[in-house]
1. Among the numbered conditions (1) under 23 Å from residue 194 (Cα atoms); (2) out of contact with any helix residue (DSSP H, G or I) (no Cβ under 6 Å at 6 or more places or on another chain), tell me where residue 109 comes up short.
2. So is residue 177 farther than 18 Å from residue 244 by Cβ, among the polar types (S, T, N, Q) and surrounded by fewer than 22 Cβ atoms within 10 Å (Cβ to Cβ) or not?
3. Identify, from the list 15, 54, 19, 9, the residue that is over 25 Å from residue 203 (Cα atoms) and either touching a Pro at 6+ places or on another chain (Cβ under 7 Å) or not assigned by TED's automatic domain parsing to the domain that holds residue 166 (or both).
4. Over 18 Å from residue 5 (Cβ atoms) and either of a type in the set (Ser, Thr, Tyr) or not assigned by TED's automatic domain parsing to the domain that holds residue 234 (or both) - does that describe any residue in segment 68-77?
5. Can you tell me which residue is modelled with the lowest pLDDT among those in segment 125-152 that are under 12 Å from the mean Cα position of the chain (by Cα) and among the small types (Gly, Ala, Ser)?
6. Are any of the residues in segment 293-303 assigned to a loop (DSSP other than H, G, I, E, B) and over 27 Å from the mean Cα position of the chain (by Cα)?
7. Going through segment 67-98 one residue at a time, which ones are buried (at least 20 other Cβ atoms within 10 Å of the Cβ) and more than 16 Å from residue 157 (Cβ to Cβ)?
8. For segment 173-206, which positions are in contact with a helix residue (DSSP H, G or I) (Cβ under 6 Å, 6 or more places away or on another chain), of a type in the set (S, T, N, Q) and more than 23 Å from residue 3 (Cα to Cα)?
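The values are calculated or read from the model by the stated rules, or taken from the named source; none is laboratory data. Bear in mind that the values here come from a model prediction, so they are computed numbers and not experimental data. Note that we place each Cβ from the backbone using ideal geometry, even for glycine, and neighbour counts take in every protein chain shown.
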Amino acid sequence: MIDFEFEFQYAEEKQPTLQKVGGSIPAGRCVVLCGGSGCGKSTLLRCINGLIPQFYEGELKGFCRLNGQDTAGIRIGEIGELAASVFQDPRSQFFTVNSSNEVAFGLENHGLPQDKIRRRVDEAFRIFHLERLKDRNVYELSSGERQLISILSAWAMDTDIFLLDEPTANLDFAATQQLKEILLALKKQGKTLLLSEHRLYYLADIADEFWVMADGEIKGKYTAAEAKAFSVERRQTLSLRTLDLAEITVPEKEPLPKTAPTALAVSDVCYTYGRKAGDTLSGVSFSVREHEIVGLVGANGCGKTTIGKLIAGLYRPSGGRIMLFGKSQNPKQLQKQVLFILQEAEFQFFTGSVLHELQYGHAVTPEFEAKTEALLKSMDIGIQTPDSISSYFSTNTARA
């Protein structure tokens, strides 16, 4: 069903990202590409779905056959008829603004009759219980909700092969369980699944094999049973997360002293997107003490990112107030004091390399340059090209 062998080096990169990576996946099997960030998982999927070399430039050697058809020389759209793709950043594959139109887009592009398209789109939202996402503006959805739309779009294509690049990167626990049910249904239908993932627990009962990548190579291919039997030390060596959530323990921490001052106070904050009826956020209040670490958790679309943008001064609240160390702040004041890292980190980049990104907006003295280079070395990033910076930071921000 999927046969491939690749070597690939991105343009302007000094080292190849893939080094003679090969494999064969029979029809109806589920294979998971796993390993540390930057090991080549996403690049391998891009080679299979044709984005390399048709979109990402570089030197590609090798071959790929999908359903026995050699993909060399055929367009991305034709490859899309053989294999449906779900990208890590769903916005990078959207062609329309409306969620229902987005699910229909691929079907329209392949010339299906309108009545069949309508039935397929309605079926996609209905069987996965996502009717609440029909006819919505995709840019008013949360990142997790957009990810679900991209998954529905791939499912609607009804191809024999599905390629998914970290599909749970933006999903909450409930949505991840929904995705698990989708993948189980596809596998029962005989579909072939190839995923890159860091979260492995939801795939424990779906995957047939786990292929561990490192340094642009597939270092090992393990059956599901073998992967489940890995010791904690072995998983850490391979940069893998657990396949069993019951193994996770949360260490206890000493509470902060009650005398610690309140660093952030959010009081009755409300916010509404555009002309949308009702508040997106309504009467949100909480406080965070100095040196305290707080996690905002909840379902996709509950308002986590919105409250973060309000605290950073990127949005102006329609009601309530935000205080830092007891002083009320307006958005301009917050922008100078609060650092906000976007989920789609590449939207915050202004230069073409990691080094220049760290130096952007600073007077680059020899001392400052030495400091930034030492920081890059300490994090094992190095001075890299635009694609490397986007791939590294978007992956790690999504994981965080």
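1. (1)
2. Details: farther than 18 Å from residue 244 by Cβ: no; among the polar types (S, T, N, Q): yes; surrounded by fewer than 22 Cβ atoms within 10 Å (Cβ to Cβ): yes.
The answer is no for residue 177.
3. On the way: 15 fails: either touching a Pro at 6+ places or on another chain (Cβ under 7 Å) or not assigned by TED's automatic domain parsing to the domain that holds residue 166 (or both); 54 fails: either touching a Pro at 6+ places or on another chain (Cβ under 7 Å) or not assigned by TED's automatic domain parsing to the domain that holds residue 166 (or both); 19 fails: either touching a Pro at 6+ places or on another chain (Cβ under 7 Å) or not assigned by TED's automatic domain parsing to the domain that holds residue 166 (or both).
Only one candidate passes the filter, namely 9.
4. Taking segment 68-77 as the starting set, the residues that turn out to be over 18 Å from residue 5 (Cβ atoms) are 75-77.
Okay, now just the ones that are also either of a type in the set (Ser, Thr, Tyr) or not assigned by TED's automatic domain parsing to the domain that holds residue 234 (or both), so none.
Checked against the condition, which is being over 18 Å from residue 5 (Cβ atoms) and either of a type in the set (Ser, Thr, Tyr) or not assigned by TED's automatic domain parsing to the domain that holds residue 234 (or both), segment 68-77 yields no hits at all.
5. 143
6. Kept after step one, since they are assigned to a loop (DSSP other than H, G, I, E, B), are these residues of segment 293-303: 293-303.
Then drop every residue that is not over 27 Å from the mean Cα position of the chain (by Cα), which leaves none.
For segment 293-303, residues assigned to a loop (DSSP other than H, G, I, E, B) and over 27 Å from the mean Cα position of the chain (by Cα): absent.
7. 71, 88, 89
8. 176
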